[in-house]
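Student: Let me begin by handing over the structure; questions about it come next.
The values are calculated or read from the model by the stated rules, or taken from the named source; none is laboratory data. In this text the structure is predicted, and so the values were computed from the model without any measurement. Counting neighbours? That spans all protein chains shown, and the Cβs are built from the backbone with ideal geometry, glycine included. Note: accessible area is taken over every heavy atom of the protein model, side chains too, but ligands, DNA and RNA are not part of it. Shrake-Rupley method; radii C 1.70, N 1.55, O 1.52, S 1.80 Å.
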Amino acid sequence: HIYLSDLMRFMRQEEALKAMDLFEGAQEQNRVSKRSLKNWVVNAFRERKALALTLNDTKTAVNKLHHMANVVVALIVFALWLLILGFATTKTFVFLSSQLLVAAFIFGNTLKTIFEAIIFLFVMHPFDVGDRCEVDGMQVVVEEMNIMTTIFLRYDNLKVYYPNSKLATLPIMNYYRSPDMGDAVDFSVNVATPPEKLALMKERLMQYKEHWYPGSMVVLRDIDDTNRLKISIWCRHTINFQDMGMRFDRRELILQEMMKILRDLDIEYRMLPLDINVRNAPPINSTRMPTTWALNF
């Protein structure tokens, strides 16, 4: 393991404390394990790769925008050159301007779409390559960013193309840029569970802080069907949900701890008793019944 004293040989105490906070579980255990160090290196590599892809896509988009600007400037310079050298008169420019109005009527919607896409890409810029986002209720990962379109990858690696002009009008939820996020676990117990067991269960659940921030809540939310207590655990993870696999791994650990506590305290859920009255049952006439069964009813 790597301890705080090991880091303080190479940096000041404040910097060593900040470095310890970067590793998973180091703050609770006051040491850095091999597993947490490996996870940190892998995450750092992924972020570096995503940053390189973002810079590459941004550079490509800037180059395309630069070419478009060069074409516009070249046309303006050519028109001024014709006017200065006398090859074109004012009447010629009036005629050309009328033709430009016709072209603007034809291509106006395209130009408007291009302008909205440029504003979305360079001014709003709600995501980068590699960010996990939620668009139209669908979780996707940003694969590629272009001037006109953005390419997303769905959970099954299906590529989804979205026009940037349409994305500018949609609410986009970015998991990567979000702070450490919260989660909830709902379960039910029998309404006849003694209050002492419920209090002990809440206390033990509150003590589990391996992947939570302090201040988690365990509350009795409701009573369903007069026999079921609905309980919720509201906790805040020490990560956001950019890595969805890590989120569910941590959620699994929480569920395992919760099941262990419920078994230790003998807390369970029982269905309501159901009375079944069978009257005037018809006689059974079958040759497939076991020989040990009595047929005299």
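Student: With the requirement that a residue be free of Cβ contacts under 8 Å to residues at least 40 places away in the same chain, over 30 Å from N174 (Cα atoms) and among the hydrophobic types (A, V, I, L, M, F, W, C), what does the stretch 207-243 give you?
Tutor: Passing the criteria: L220, I223.
Student: Across the stretch 160-210, what is the number of residues that are part of a helix (DSSP H, G or I) and open to solvent by 50 Å² or more (accessible area, probe 1.4 Å)?
Tutor: Residues of the stretch 160-210 part of a helix (DSSP H, G or I): 164-167, 195-207.
Right, trim to open to solvent by 50 Å² or more (accessible area, probe 1.4 Å) and you get 166, 195-197, 199-200, 202-204, 206-207.
Here the count works out to 11.
Student: For the subset of the stretch 241-252 comprising residues that are touching a Phe, Trp or Tyr at 6+ places or on another chain (Cβ under 9 Å) and of a type in the set (A, V, I, L, M, F, W, C), which member is surrounded by the most Cβ atoms within 10 Å (Cβ to Cβ)?
Tutor: Out of the qualifying residues, it is F241.
Student: Identify all residues within the stretch 8-25 that are open to solvent by less than 50 Å² (accessible area, probe 1.4 Å) and more than 18 Å from R35 (Cβ to Cβ); write none if there are none.
Tutor: A16
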